[in-house]
Amino acid sequence: KSFCLHNICVCTVYIYYVYINTHTYSGIAGGIEICITFPTEYVKTQLQLDEKANPPRYKGIVDCVKQTVRDHGVKGLYRGLSSLVYGSIPKAAVRFGMFEFLSNKMRDESGKLDSTQGLICGLGAGVAEAIVVVCPMETVKVKFIHDQTSANPKYRGFFHGVREIVRTQGLKGTYQGLTATVLKQGSNQAIRFYVMTALRNWYKGDNPQKTINPLVTGVFGAVAGAASVFGNTPLDVIKTRMQGLEAHKYKSTVDCAIKIMKHEGPAAFYKGTVPRLGRVCMDVAIVFIIYEEVVKVLNKVWKTD
């Protein structure tokens, strides 16, 4: 009995260890990717915050980059980076942890997950990460980026900025645009995991044991990322407006959508699509490659009947 108990304890510790490591590697990969591609995220956010009625501050992507570098130097393109870097590991842990939890409940006897089930599991993962990590992370990022264009920027750094937000607005100040964030992240992961699951099943065909080359996984991830960009950028625009320094103008998510449509037209819902497309495709490709490869290694080391 003591031998069995010892084995159970060892197994439990090991499973916890591989779980943490899998999501840590995914988070680290995401953090490195963010550091490389953040200028595209910065430009996307500035374009989404730029209201036509004001009139617009930027003429396009290139003009946004030129004005930022002229006024703040190259480092200005990295304003708000810290919030995404700090959130990359917990976000990956919640996303893939929830997906694995849900998918393990839904797989058939052979361990296969169909695309519809992948969509449902992805939706659950997206909602979970939105509530636990993404909403406060994105709120801080958007406020930092928006603050840089103010006449008198008030946030001196990540920790100072968070303290100021909490001091002036309370904890709810870090959870602005929660509904829009839940809708955006839920649809994000629903689309991505649906596409990834469908492509993975198509590639494997009748052989569920067929291995997938990392490059193929990367291509599938990029396609899944692109699908999510075209599928939910309107929600991303609404989320950004709800989290900016002028969020007080909107009574709710619906009110924000109505005002954007009324004053700026339907094209405004796709502001920042091009820079977002570049970053998201690389992000999803890299994170899925790391995740799939780590899981593949762990499945060889730790086999269960």
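Couple of notes before you dig in:
- Taking every protein chain into account, the accessible area of the chain amounts to 50 square angstrom per residue (probe 1.4 Å).
- Of K141/K249; K52/K249; K75/K259; K105/K296, those spanning more than 25 Å from alpha-carbon to alpha-carbon: K75/K259
- Among the GluC sites (Glu not before Pro) found in the range 100-150, those both in a DSSP coil and sparsely packed, with 15 or fewer other Cβ atoms within 10 Å of their Cβ, are E109.
- For the range 267-283, the Karplus equation 6.51 cos²θ - 1.76 cosθ + 1.60, evaluated at θ = phi - 60°, returns couplings of 5, 5, 6, 10, 5, x, 4, 5, x, 5, 4, x, 6, 5, 4, 5, 4 Hz by residue, with Gly and Pro reported as x.
- Backbone HN-Hα couplings from phi across the range 135-152 [Karplus 6.51/-1.76/1.60, Hz, Gly and Pro as x]: 4, x, 4, 6, 4, 5, 4, 5, 5, 5, 5, 5, 4, 5, 8, 6, 4, 10
- For T217, solvent-accessible area (1.4 Å; no DNA, RNA or ligand), Å²: 10
- Net length gained if the chain between K105 and N207 were fully extended (0.36 nm per residue, minus Cα distance): 34.5 nm
- Modelled label positions at E246 and F159, each set 7 Å beyond Cα in the direction of Cβ, lie 3.3 nm from each other.
- Whole-Hz couplings from phi, Karplus 6.51/-1.76/1.60, listed for the range 225-233; x for Gly and Pro: x, 4, 4, 5, 5, 6, x, 9, 4
- Summary: within the chain, the longest segment free of trypsin sites (Lys or Arg not before Pro) located in DSSP loops with at most 15 other C-beta atoms within 10 Å is 157-209.
- Interchain or long-range residues, amide H under 5 Å from Y250's placed H: none
- The stretch between R167 and T116, if pulled fully straight at 0.36 nm per residue, gains 14.0 nm over its current Cα-Cα span.
The values are calculated or read from the model by the stated rules, or taken from the named source; none is laboratory data. Being a predicted model, the structure only gives us computed values, none of them experimental. When we count neighbours, we look across all protein chains shown, and the Cβ atoms used for this are built from the backbone with ideal geometry, even at glycine. Protein only, heavy atoms only, side chains kept; ligands, DNA and RNA dropped before computing areas. Shrake-Rupley method; radii C 1.70, N 1.55, O 1.52, S 1.80 Å.
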